[in-house]
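The values are calculated or read from the model by the stated rules, or taken from the named source; none is laboratory data. Small disclaimer: the values here were computed from a predicted structure and weren't measured. Please note: Cβ atoms are built from the backbone with ideal geometry, for glycine as well, and neighbour counts cover all protein chains shown. The area values use the complete protein model at the heavy-atom level, side chains included, leaving out ligands, DNA and RNA. Shrake-Rupley method; radii C 1.70, N 1.55, O 1.52, S 1.80 Å.
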Amino acid sequence: MTRIIIRYYDPSYPYLESAIRSIKGDFEIVVYDDGSREFPDLNSVKNRCQIRRLEHRGPASTLIQALIDAKRENVQQVFILDGDDEAQESLPNFLNSSLQLPYTAVIGQFRDEPSPIYKSQGTDLFQEAVANLKFCPPCFSLKLGNWVEELPSVLQMVQTEYLATGTLFLGLFLTRQTGISVTDKVIYWRQHEAQTYRKHHQERLLVGQRIWQIYNQRILENCSQTLRLHPNDAVAYYNRGNVRSRLGDRQGAIEDYTQALQFNSNFTEAYSNRGVARFDLGDYQGAIADYSQALLRTPNFSQAYNNRGNARLRMGEYLAAIEDLHKAANLFLVQGDVENYKRSHTLLAEAHFNLGITFSRQSKLNEALTCYQKALEIKPDFAPARYQVHTIKKGYEFTTDWFSINLDIWQKYLIHLSQVSGLNILEIGSWEGRSTCWFVDNLLIQDYSKITCIDTFEGSLEQSWYEPSYLRSIESRFNYNIRRTDYPEKVCKIVGKSQEILRSLSLESYDVVYIDGSHLASDVLEDAVLSWRLAKVGGIIIFDDYDFVFPENNVQNPKVAIDAFISVFYSQVKVFHQSHQVLLEKIGY
């Protein structure tokens with residue numbers, strides 16, 4: 001049995017009777033009256049629904065009661081026609097943890113006086129929604145309300161065989177930023193569903209973005225019309241600035257916020273939002289000035305502290321950033337804003353970490369260690385900070401760091417290899433041994449594990465700007481760092497050109513091949529081809545610096561070689577990560 005639950009509380013849906021009449025199909029309809037003062041006459045549809053009267057409890061409590069009833073009455077599937085924010089935030093966790101019921105919030109958030117479009121189209125859309133309930137994904141919520149005149153033409157644009165696709169665009173169109181978040185979630189869900197959707201979801205997303213643009217363009221026109229009638233209206237300038245910012249016109253937004261401030265110099269939100277627009281354009285100093293003005297007028301403005309701290313972080317003003325972000329986090333905590341508290345804490349950890357990097361570069365290792373440890377207190381899963389603590393405590397001596405930006409990816413995709421006995425790794429390009437030391441300390445911990453390192457220790461074209469004396473010191477630092485690892489005996493160093501040495505190694509013997517030698521496309525491609533037969537089936541091949549660019553010779557960028565290699569071996573590899581590095585699995589010969 002499938003039950004449709006409708007919560008009624010005035011002011012609420014004025015067309016309840018016609019909506020119930022429009023529901024077709026074998027559904028059980030239960031209307032929960034959440035303590036309304038006036039309940040509509042439903043005589044014509046009483047045979048189609050049950051009515052259950054409650055004392056007023058609010059959306060979440062009422063719907064939780066409805067779900068408990070459904071569980072007790074052995075209902076197999078529930079669809080909730082209610083879009084209240086409180087209900088949407090509370091119900092998924094409740095359902096997952098307590099009832100374990102399939103859940104879809106389909107349609108809701110009705111207004112006292114719907115727009116003319118709603119009056120003419122509402123029942124048809126309601127009927128279509130219910131008729132297509134089976135296509136809605138679990139824990140997907142949609143709010144319909146505040147419709148505008150373009151809706152009929154917009155609906156014609158959304159050509160889809162699934163209502164879930166249509167509702168995703170209605171959500172985007174009608175609930176603005178919330179809708180964008182819903183869009184992302186539905187697209188992620190749909191990518192694991194029908195092949196049809198995988199084929200078309202990108203086009204539908206573009207339609208959704210177009211709908212979003214239409215919606216904001218209409219608001220922009222309304223704001224401009226208001227300003228023609230009331231040219232000194234600070235709020236209208238502020239509102240238009242917000243719309244321009246949403247449409248990506250940051251400079252236009254700044255101009256509108258500035259106009260708003262000319263008519264109201266104490267407009268805190270205008271200062272704050274102008275700061276956001278300046279931050280987005282990279283004007284961090286201007287953003288800091290605006291956030292400071294906002295804080296002069298509203299001293300406990302938590303978001304302004306957070307944003308100013310973020311701008312100071314980008315400026316390298318780490319001590320000031322820490323002070324701001326600490327204040328922001330405390331204010332968010334007092335205000336009960338958990339999500340923003342978490343975001344401030346993440347930025348605070350980043351500020352402590354970056355201050356530690358500054359101390360490390362100044363060889364102030366004790367101060368750096370304190371900063372990294374503070375970052376870990378705030379964010380225990382902060383892999384780069386944990387790595388830096390480990391590096392200091394091991395006594396490694398590195399003068400460059402091109403490696404730690406990959407830590408999260410390696411932790412995610414490689415750490416399981418630490419349980420493999422006899423793990424065999426091939427590293428092409430070792431430099432001072434940063435990646436080598438990570439392999440040894442984190443992966444080569446089982447018996448019979450080893451790593452073979454190939455490097456000329458003379459640098460490649462991309463390091464030709466270094467002083468010759470510095471390049472001559474690379475190998476000695478590699479040797480020193482390897483001696484500081486937990487298992488120096490597991491490292492086999494071979495000095496020479498990879499294109500020559502690779503030909504002498506045993507075939508199909510390596511579980512991981514890390515290609516980080518010369519970045520010239522010709523060298524990268526040769527390293528990749530020669531390494532192919534050396535890797536085991538099921539082994540992982542890692543390409544570094546996929547995004548590295550030779551400004552005056554783009555045809556030799558590493559990407560050219562990596563893309564060519566993947567194209568040739570596409571049926572024998574599975575790419576599972578692609579950004580700064582490319583990670584792939586060898587799945588065939």
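For the reader, a short list of remarks on this structure follows.
- Taken together, the residues in the range 228-246 that are crowded, with 17+ Cβ neighbours inside 10 Å and part of a loop (DSSP other than H, G, I, E, B) amount to 1.
- Condition met for Ile562 (in contact with a Phe, Trp or Tyr (Cβ under 9 Å, 6 or more places away or on another chain) and under 17 Å from Ala535 (Cα atoms)): yes
- Residue in the range 310-319 that is over 21 Å from Gly275 (Cα atoms), open to solvent by 30 Å² or more (accessible area, probe 1.4 Å), part of a helix (DSSP H, G or I) and in contact (Cβ under 8 Å) with a residue 24 or more places away in the chain present: no
- Candidates Tyr238, Tyr257 - the one that is at pLDDT 95 or above, of a type outside the set (A, V, I, L, M, F, W, C), farther than 16 Å from Asn307 by Cα and touching a helix residue (DSSP H, G or I) at 6+ places or on another chain (Cβ under 9 Å): Tyr257
- Test result for Asp69, modelled with pLDDT of 70 or more, open to solvent by 70 Å² or more (accessible area, probe 1.4 Å) and not in a strand (DSSP E or B): no
- Residue in the range 537-553 that is touching a strand residue (DSSP E or B) at 6+ places or on another chain (Cβ under 8 Å), assigned to a strand (DSSP E or B) and surrounded by fewer than 19 Cβ atoms within 10 Å (Cβ to Cβ) present: yes
- On the stretch given as the range 381-394, residues that are farther than 16 Å from Leu347 by Cβ and not basic (Lys, Arg) total 7.
- Hits in the range 247-257 (condition: of a type in the set (D, E, K, R), open to solvent by less than 10 Å² (accessible area, probe 1.4 Å) and either out of contact with any Cys (no Cβ under 9 Å at 6 or more places or on another chain) or closer than 12 Å to Asp280 by Cβ (or both)): none
- In the range 557-582, residue farthest from Ser522 (Cα to Cα) [restricted to those that are assigned to a loop (DSSP other than H, G, I, E, B) and open to solvent by less than 30 Å² (accessible area, probe 1.4 Å)]: Gln581
For every residue, the table says whether it meets (1) hydrophobic (A, V, I, L, M, F, W, C); (2) touching a strand residue (DSSP E or B) at 6+ places or on another chain (Cβ under 8 Å); (3) touching a residue at least 24 places away in the same chain (Cβ under 8 Å).
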residue: Arg361; (1), (2), (3): no, no, no
residue: Ile392; (1), (2), (3): yes, no, yes
residue: His416; (1), (2), (3): no, no, no
residue: Ser421; (1), (2), (3): no, no, yes
residue: Lys450; (1), (2), (3): no, yes, yes
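- Test: residue in the range 392-414 that is acidic (Asp, Glu), touching a Lys or Arg at 6+ places or on another chain (Cβ under 6 Å) and surrounded by 16 or more Cβ atoms within 10 Å (Cβ to Cβ): no
- Qualifying residues in the range 1-35 (those that are open to solvent by 20 Å² or more (accessible area, probe 1.4 Å) and among the small types (Gly, Ala, Ser)) - the one modelled with the highest pLDDT: Gly35
- Restricting attention to the range 284-309, the residues that are of a type in the set (Phe, Trp, Tyr) and either at pLDDT below 95 or not in a helix (DSSP H, G or I) (or both) add up to 1.
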